[in-house]
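Just so you know, all these numbers are worked out from the coordinates, no wet-lab data involved. Please read these numbers as outputs of a predicted model, since none were measured by experiment. Glycine also receives a Cβ, built like all others from the backbone with ideal geometry; neighbour counts cover every protein chain displayed.
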Amino acid sequence: MDALIALIQNAPGAANMSAQALHNTAAALMATLMFTVMALCAIVFTWMERKVAGFLQNRYGPMRTGRWHGWAQAVADMLKILGKEDIIPAEADKGLFVFAPILVLLGSLLAWAAIPWAPGFVAADLDLGLFYIFAVSSLVIIGILMAGWSSNNKWALYGAARGAAQMVSYEIPLALATIPVIMYTGSLNTQDIVIAQQGGLANWYIFRDPFLFVAFWMYFIASIAETNRGPFDMPETESELVAGYHTEYSGMRFAFFFLSEYANLFLVSLIAVMVFLGGWWAPLPLLDVIPPALTFIIKGVMMVFFNMWVRWTLPRVRVDQLMHLCWKVMIPIALICVLGSGIIQMVRG
Amino acid sequence: MAQYFADIYEAVSSVLKGMRITFKHIYKKPVTLQFPDERQVMPERYRGFVHNDMTKCDSCNICAKLCPVDCIYIESEGKGKARMMTRYAIDYNKCIWCSLCTENCHTGSITMSHDYDHSVYDRRTLVYEFMDPTQETIPCHRATRIDMGWWVEPKEDKPKPKPKPAAEAAPPAETAPAPEAPPPADDKPAPGTPTPDDDKGVEN
Ligand code: SF4
Ligand code: SF4
């Protein structure tokens, strides 16, 4: 934010702006930027998902729209979705039905505020940054529950109930896995976490100690479950629940869910990069020429690819297996990681 | 407790194995053919749409009689030497691609082509007319065909019943075109019929 304010100050005609005006302009600019990035990542990642799925299965994926590897397919799909009729079921609870997609989108959009893209370039430089991210992304659960419940549809309600159970459960290992990192940094500020990882690959938190390595994988698995993606896509299992909690949604409202899913995917990938994989720092001194924001985004996209690779490899788990994995396996392991990493820090002094 | 850790080990190792397998597939060349641009080369004996070469057919009706679903319509006018074919149509709605017609055609004019992409909006258009009676009628009698300069089946190529009944020794009619009677140039199949050119596209 400070970097952005400085940038605006140097722009022609901004010299005599008051501090408040400067701040407001910067905030508006940042919000627009975030929303654009979010919309863009939904478009890019739907295309990428289909290409990755294709190549993993010896196919091509979309090839026609826009000549080169069907790059315009996602744009065409978005336009199609915008042109669709907006249907609200007669028996649905209209208020909640309309509000739910907005809440879901809001939950993922709010969390973006605390992502540190580059040194000084973070929309909200909060002391409780990481905590804030986990807190606001829980809004998504409420949105999903509202969507499923208000649709007045069996499938939607099942999907929403599963989604709520799954996301509430997996938030615990997700947050637990980041606790060793917070103990190392001594701060919840997202910028501080990244700055503490300066100095190449060996200083990234994932390689600091063996417990953190395990914690990273705990985080990764939990993040897949948080974004409702395969193999944990219980809330929207198309083979049994049609489309889960968004069965009754169409047109623009459906696009909101879609947008939020891919924005969340990128968000959890960016958090993984920020917390465990060195944030904007390049892995080798050689690669320092790349701008920090670009390094950060490249790493994030690689994590997204990894996510897709998992999705298109592993079969969906059962609901009971999902809960077993969370409560009986991942939470104990995450707790051991916290303990083990704490002891190592104590020994190292 | 031991089972618990064994399960975790098995889960992790099997996930890694699966991930390795799918990753290998990224580098493999996709098997997809971009259909309208690239086409699969059909096997030689592929049974595509039935095609009739109207320059050879002499309306003997063998195919129409053999067809188990009666989907070949042949109409002719006149008798004896003056018999003229006025219609030859195949209804692909009915055809079951059994190939009985092609195997028994004595002139070898009806064949199974390698065509398969004939999607249409109206199934009535799947009745293919192979000749346009307003343009021309086709002579049926051998003598008339020779008189009018049409292709006839070379006599000497027919398997002789006396010396040896080796039917397979008879070469297909196409390989020995009659030199004295080349097909008339203006005898184009009626519009909408699959032309031999279509087959070239199939061969890619
Ligand atoms: S392939 Fe069989 S069904 Fe089709 S036209 Fe020939 S004989 Fe009739
Ligand atoms: S069997 Fe051959 S020659 Fe006889 S009518 Fe049919 S296509 Fe023509």
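Placing +1 on the Cβ of every Lys and Arg and -1 on the Cβ of every Asp and Glu, with no other charges, gives region B:50-147 a dipole of roughly 400 debye about its Cα centre.
Only one residue of A:Trp47, A:Ala114, A:Thr36 has its Cα farthest out toward the positive end of the dipole of region A:7-139, where Lys and Arg carry +1 and Asp and Glu -1 on Cβ, and that residue is A:Trp47.
From the square roots a ≥ b ≥ c of the eigenvalues of the alpha-carbon gyration tensor of region A:290-338, which class results: rounded (a/c under 1.5), prolate (a/b over b/c), or oblate? In terms of gyration-tensor shape, oblate.
Kirkwood analysis of the Cα pair distances in region A:32-115 returns a hydrodynamic radius of 15.3 Å. Its Cα gyration tensor gives region A:85-348 an equivalent ellipsoid, and the semi-axes of that ellipsoid, as √(5λ) in whole Å with the largest first, are 34, 20, 16. Going from the residue with the fewest nearby Cβ atoms within 10 Å to the one with the most, B:Cys95, B:Cys101 rank B:Cys95, B:Cys101.
Where in chain A are the DSSP H helices whose alpha-carbon span along the long axis reaches 18 Å or more and whose Kyte-Doolittle mean is at least 0.0? Helices meeting the criterion: A:19-56, A:94-111, A:154-185, A:210-226, A:251-275, A:292-311, A:331-348.
Within the shell of other residues whose beta carbon sits under 12 angstrom from the beta carbon of A:Ala255, the net charge comes to 0, with Lys and Arg scored +1 and Asp and Glu -1. Peptides B:24-37, A:185-198 ranked from most to least packed give A:185-198, B:24-37, packing being the mean of other C-beta atoms within 10 angstrom over each peptide's residues. The Cβ shell under 11 Å around A:Asn58 holds other residues with a net charge of +4, Lys and Arg each +1, Asp and Glu each -1. Pairwise inverse Cα distances across region B:50-147, averaged and inverted, put the Kirkwood hydrodynamic radius at 14.0 Å. When A:Tyr249, A:Tyr158 are arranged by Cβ crowding within 10 Å, least crowded first, meaning fewest neighbours, the order is A:Tyr158, A:Tyr249. The radius of gyration of the Cα set in region B:64-120, together with its Dmax, comes out at 13.1, 40 angstrom.
Packing here is the average count of other Cβ atoms within 10 Å per residue, and on that basis the peptides A:46-55, A:259-268, A:335-344, highest first, run A:259-268, A:46-55, A:335-344. Simple rule: put +1 on each Lys or Arg Cβ and -1 on each Asp or Glu Cβ in the protein assembly as shown, find the dipole, and look at B:Ser99, A:Met308, A:Leu212; the Cα lying farthest toward the positive end is A:Leu212.
Computing FRET efficiency as 1/(1 + (r/R0)^6) for B:Asp147 and B:Cys60, where r is the C-beta to C-beta distance and R0 is 25 Å, gives about 0.85. The residues packed around B:Arg124, meaning those with a beta-carbon under 14 Å from its beta-carbon, carry a net charge of -1 if Lys and Arg are +1 and Asp and Glu are -1. Evaluated on region A:53-172, the Kirkwood hydrodynamic radius is 17.4 Å, with distances taken between all distinct Cα atoms. Each residue, A:Ala124 and A:Leu284, gets one label point 7 Å from its Cα in the Cβ direction; the gap between the two is 3.9 nm. When its C-alpha radius of gyration is set against 2.2 N^0.38 Å (N residues), region A:253-349 gives a value of 1.41. Given their separation in residues at 0.36 nm each and the Cα-Cα distance between them, B:Gln3 and B:Leu100 gain 28.5 nm when the chain is fully extended. Between B:Thr86 and B:Glu75, B:Ser76, B:Glu77, the built amide H atoms are under 5 Å apart, and every one of these is 5 or more places off in sequence or on another chain. Just list whichever of A:Lys51/A:Lys299; B:Lys56/B:Lys79; A:Lys328/B:Lys17; A:Lys299/B:Lys24; A:Lys299/A:Lys328 have alpha carbons separated by over 28 Å in the model shown. Checking Cα-Cα distances, A:Lys299/A:Lys328 exceed 28 Å. Computed over the protein assembly as shown, the per-residue total of -39500 (n - 2.57) for DSSP H runs of n ≥ 4 gives a 222 nm mean residue ellipticity of -16000 deg cm²/dmol, rounded to 500.
With a 10 Å cut-off around each Cβ of B:17-24, the average count of Cβ atoms from other chains is 3.
By the compact-protein rule of thumb, 2.2 N^0.38 Å, the alpha-carbon radius of gyration of the protein assembly as shown corresponds to a ratio of 1.46.
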